[in-house]
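What follows is a single structure, written as structure tokens, with notes after it.
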Amino acid sequence: MSDDRRMTRDDAEILDREILWRGYFRMERYRVRHRRFDGGWGAPVEREVFERGHAAALLPYDPARDAVVLIEQFRIGALAAGANPWLAEIVAGIIEKGETAEEVVRREMVEEAGCTVDLIEPIVDAFTTPGGSSERIALFCGRVDSQGVGGIHGLADEGEDIRVFVERLDEAVARIGRGEITNLIAVAALQWLALNRDRLRRQWLDPTPSGA
């Protein structure tokens, strides 16, 4: 096989699949085989996959103040890893059946951050941990007015206790370098915004009506 051949979905086969455990999420075991880069087929292997659905996340940006709206909440995964379980993050939510990713982030902005977003720009739609999970996250940046934003938010019936705060973009990016922001989705969104800030400020602060 040529070294520059690109593999596709047709180069993998699902031989068997079983559900090992089902709760709020579920765990499945797959028996698969896939083509090798030398052109042949590998022997069947077993792989476990954590199924938690797909999600959408949004980084709220106020171009007039050059500031972002971040949230802080308790995360069991960080506690299990022995880290501080209160993480600085961006607004996110699971995409339910019949919902679009944009509908999710607009809803979660109200529930988690207590504010609304108007303009939205897609960043990327990507896998989070494809070595063991099927989850994809649709990542966005959205324009907000951060004046008066803050406080404690979240849905009580879902056990949410979310602190909302506004921070200058440069300070948020600096906190990544200091190891203070360790949620990878937030890291990716903030670094994307740092690269695209000038363009977004020109577009989002331009008073000229669209099409004028």
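Annotations for the structure displayed:
- Residue count for segment 120-138, restricted to those that are in contact with a helix residue (DSSP H, G or I) (Cβ under 8 Å, 6 or more places away or on another chain) and either surrounded by 14 or more Cβ atoms within 10 Å (Cβ to Cβ) or in a helix (DSSP H, G or I) (or both): 6
- Options VAL124, VAL117, VAL149, VAL110; residue that is touching a residue at least 60 places away in the same chain (Cβ under 8 Å) and over 13 Å from the mean Cα position of the chain (by Cα): VAL149
- ALA101 vs. criteria out of contact with any helix residue (DSSP H, G or I) (no Cβ under 6 Å at 6 or more places or on another chain), free of Cβ contacts under 8 Å to residues at least 60 places away in the same chain, buried (at least 18 other Cβ atoms within 10 Å of the Cβ) and closer than 30 Å to VAL144 by Cα: yes
- Selection count, segment 27-85, where residues are outside any loop (DSSP other than H, G, I, E, B) and among the charged types (D, E, K, R): 11
- Residue in segment 177-193 that is of a type in the set (Lys, Arg), buried (at least 18 other Cβ atoms within 10 Å of the Cβ) and either more than 14 Å from the chain's Cα centre (by Cα) or not in a helix (DSSP H, G or I) (or both) present: no
- Qualifying position, being in contact (Cβ under 8 Å) with a residue 60 or more places away in the chain, loosely packed, with under 15 Cβ neighbours inside 10 Å, in the same structural domain as ARG65 (by TED's automatic domain parsing) and in a helix (DSSP H, G or I), among ASP198, ASP170, ASP157: ASP170
Here's the yes/no breakdown for (1) surrounded by 16 or more Cβ atoms within 10 Å (Cβ to Cβ); (2) in contact with a Ser or Thr (Cβ under 6 Å, 6 or more places away or on another chain); (3) assigned by TED's automatic domain parsing to the domain that holds LEU190:
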residue: LEU15; (1), (2), (3): no, no, no
residue: PHE25; (1), (2), (3): no, no, no
residue: TRP41; (1), (2), (3): no, no, no
residue: LEU59; (1), (2), (3): yes, no, yes
residue: VAL69; (1), (2), (3): yes, yes, yes
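- CYS115 passes every criterion in (1) buried (at least 19 other Cβ atoms within 10 Å of the Cβ); (2) within 29 Å of VAL49 (Cβ to Cβ) apart from (2).
- In summary, GLY142 fulfils each of the numbered conditions (1) surrounded by fewer than 19 Cβ atoms within 10 Å (Cβ to Cβ); (2) modelled with pLDDT of 95 or more with the single exception of condition (1).
The values are calculated or read from the model by the stated rules, or taken from the named source; none is laboratory data. The shown structure was predicted, so the numbers you read here are calculated from the model rather than taken from an experiment. A quick note on method: Cβ atoms are made from the backbone with ideal geometry, for glycine too, and the neighbour counts reach across all protein chains shown.
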